[in-house]
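> I'd like to ask some things about the structure below.
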Amino acid sequence: MGFAAALLFVGLYGLLTMKNIIKLFIGIEVISKGVSLALLATGFVKKNILLAQSLVITFIVVEVCLVATALALIINIYRHTKSLDVRKLTNLRG
Amino acid sequence: MTLQMLLLAGLVLFSILAVLAKDLIKSAISLAVASLFLGIAFIRMSAPYAGVFEISVVAGLITVLFMLTIALTKAEGDVRESKIARLVFPLFFIVFLLIDVLVMKSLLQKVPALPETAEQGAFGDVLWKQRTFDLVGQLAVILAGVFSVLALFRKRNKDE
């Protein structure tokens, strides 16, 4: 569980300090690894490994859909702003 | 147990590399290696299906998606990350580890949890019979993902 907490910390640190959108998304991925590790470790300790395993698989499927959508969004953002800097996303144009 | 600890330590190390590396491709590869370690740890925790999913989908497919995005955007030198964030990270991480070791161990024993019940049956029974609604949700999420990607990459008409 300590390792899962460490992964959450690393991901949150990346989210708070990085400016590149892809780096921010890598931070989210690291957090998701921590969550899946916490789920499975809890199942392992509580002897509910089958249930934890099915929850982790559901989580991975949701994660893949999230990644596909977010990366498509990032490519669209790059096409509009010609940059991956989050600070350039402050202007909203209709 | 030692090997498990080494795997988890490697997972944290490569995750740190993925977040702090300057080069985006190195970040993506570090993330894939971290997923590989996590998958092996899952298999060692007697969860082979989750391990295989983690290695094939997260270490494989998601890395390919990241590489494609990095290749399509081609703006690596564009964003300057602050050097202070990289320099200060070890300090914050050591403080966090101290808190993690000192506080979490006592805190975890106080957190209420479901009672321990030994599971029976195979993995397929749990996934198809107990978590049937999850599978419906998964299908809905996959469809939502497909439609959103299609919507994001659609070609615009001249009128729009």
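The values are calculated or read from the model by the stated rules, or taken from the named source; none is laboratory data. Model, not experiment: these values are computed from the prediction. We place every Cβ from the backbone using ideal geometry, glycine too, and count neighbours over all the protein chains shown.
> So which helices (runs of 4 or more DSSP H) stay within the stretch B:47-160 end to end and still have 1 or more residues that are over 19 Å from residue A:29 (Cβ atoms) and at pLDDT 80 or above?
Details: elements: B:48-53, B:63-73, B:83-99, B:105-110, B:132-152.
Passing ranges, in order: B:48-53, B:83-99, B:132-152.
> In the stretch A:52-72, which residues are under 10 Å from residue B:138 (Cα atoms) and more than 7 Å from chain B (Cβ to nearest Cβ)?
Across the stretch A:52-72, the qualifying residue is only A:59.
> So, in the stretch B:47-59, exactly how many residues are facing chain A (nearest Cβ under 10 Å), surrounded by fewer than 21 Cβ atoms within 10 Å (Cβ to Cβ) and either in contact with a Phe, Trp or Tyr (Cβ under 9 Å, 6 or more places away or on another chain) or under 12 Å from residue A:40 (Cα atoms) (or both)?
So the answer is 3.
> May I ask you to list the residues in the stretch B:34-46 that are crowded, with 17+ Cβ neighbours inside 10 Å and part of a loop (DSSP other than H, G, I, E, B)?
B:45
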